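Down below is the structure, laid out as structure tokens.
The values are calculated or read from the model by the stated rules, or taken from the named source; none is laboratory data. Small disclaimer: the values here were computed from a predicted structure and weren't measured. When we count neighbours, we look across all protein chains shown, and the Cβ atoms used for this are built from the backbone with ideal geometry, even at glycine.
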Amino acid sequence: MNLVFLGPPGAGKGTIASEAKNHFDIPHISTGDLFRSHIKGETELGQQVKAILAAGDLVPDSVTIEMVKQRLAESDAQKGFILDGFPRTVVQADALAEMKGLDAVINFVLDREQIVKRLSGRRVCKSTGKTYHIMYNPPKVEGIDDETGEALIQRDDDKPEAILNRLSVYEKQTEPLIAYYREKGLLIDIDAAPSPDVVLASLIKAVEK
Ligand code: AMP
């Protein structure tokens, strides 16, 4: 099963993908996670993209496409994949079409007010990447990761100025992909407002149909 998760930042793509990958037994490939792990490992690519991520801008297509091409060539991706956060531009979508066929593109639909609420309340454990929300999914002890006991942080790009920039980047560069994939008959709209278990159940039902 080759799936793409499309939708604005904060719509829950990563949260749902981390569950859906077990159901479909395919890897969850998040370009945001791949970039963040390069930044954490202080690789050359990490240094190149660090400021771009902090500002909420897009990494250049050529760099992103090359990284995805390498990831999709790995053995675990041959049985299928969930691409989360890629493609984000029409150039990337065209490049993906040359690499792989797709079974469905899931469009996570959420209004702007909800997006801002979700992003601004998101907190992350830096070492494991586990995410929480201060209201909807708080840790057992405020500000502390349940498993590691480490202090939770707010991603630089979840801070107010970057959130607004990410939304405008999404609207300009990524939203056109909704029409792009709808025309190809691949798009499935999913209401991303309910709780993750409800969203996951409707996604599985829609994909398996
Ligand atoms: P995400 O975790 O999906 O919100 O991605 C975090 C950041 O990584 C984005 O704001 C971009 O700076 C960068 N990024 C992730 N995926 C892409 C992509 N497909 N194209 C360009 N930049 C990306």
Residue count, region 118-152 (criterion: without any contact (Cβ under 8 Å) to a residue 60 or more places away in the chain and within 23 Å of SER195 (Cα to Cα))
24
Please give the number of the condition ASP84 fails out of (1) within 16 Å of LEU200 (Cα to Cα); (2) away from the ligand (no atom under 14 Å from the Cβ).
(2)
Any chance region 75-86 includes a residue that's surrounded by 13 or more Cβ atoms within 10 Å (Cβ to Cβ), closer than 24 Å to ILE190 by Cβ and basic (Lys, Arg)?
no
Of TYR181, TYR170, which residue is closer than 17 Å to PHE5 by Cα, in contact with a strand residue (DSSP E or B) (Cβ under 7 Å, 6 or more places away or on another chain) and surrounded by 17 or more Cβ atoms within 10 Å (Cβ to Cβ)?
TYR181
Determine which member of the set VAL59, VAL109 is under 28 Å from PRO160 (Cβ atoms), away from the ligand (no atom under 16 Å from the Cβ) and modelled with pLDDT of 95 or more.
VAL109
Can you name every residue in region 7-33 that is part of a helix (DSSP H, G or I), touching a helix residue (DSSP H, G or I) at 6+ places or on another chain (Cβ under 8 Å) and within 10 Å of the ligand (Cβ to nearest atom)?
GLY14, THR31, GLY32, ASP33
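So, in region 50-74, of the ones that are acidic (Asp, Glu) and surrounded by 15 or more Cβ atoms within 10 Å (Cβ to Cβ), which residue ends up farthest from PRO8 (Cα to Cα)? Quick ask: steps written out before the conclusion?
At the first step, the residues of region 50-74 found to be acidic (Asp, Glu) are 57, 61, 66, 74.
With surrounded by 15 or more Cβ atoms within 10 Å (Cβ to Cβ) added as a condition, the list becomes 57, 61.
Values: ASP57: 14, ASP61: 18 Å.
Here the answer is ASP61.
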Determine, yes or no, whether ALA51 is touching a residue at least 60 places away in the same chain (Cβ under 8 Å) and either near the ligand (Cβ under 8 Å from one of its atoms) or part of a helix (DSSP H, G or I) (or both).
no
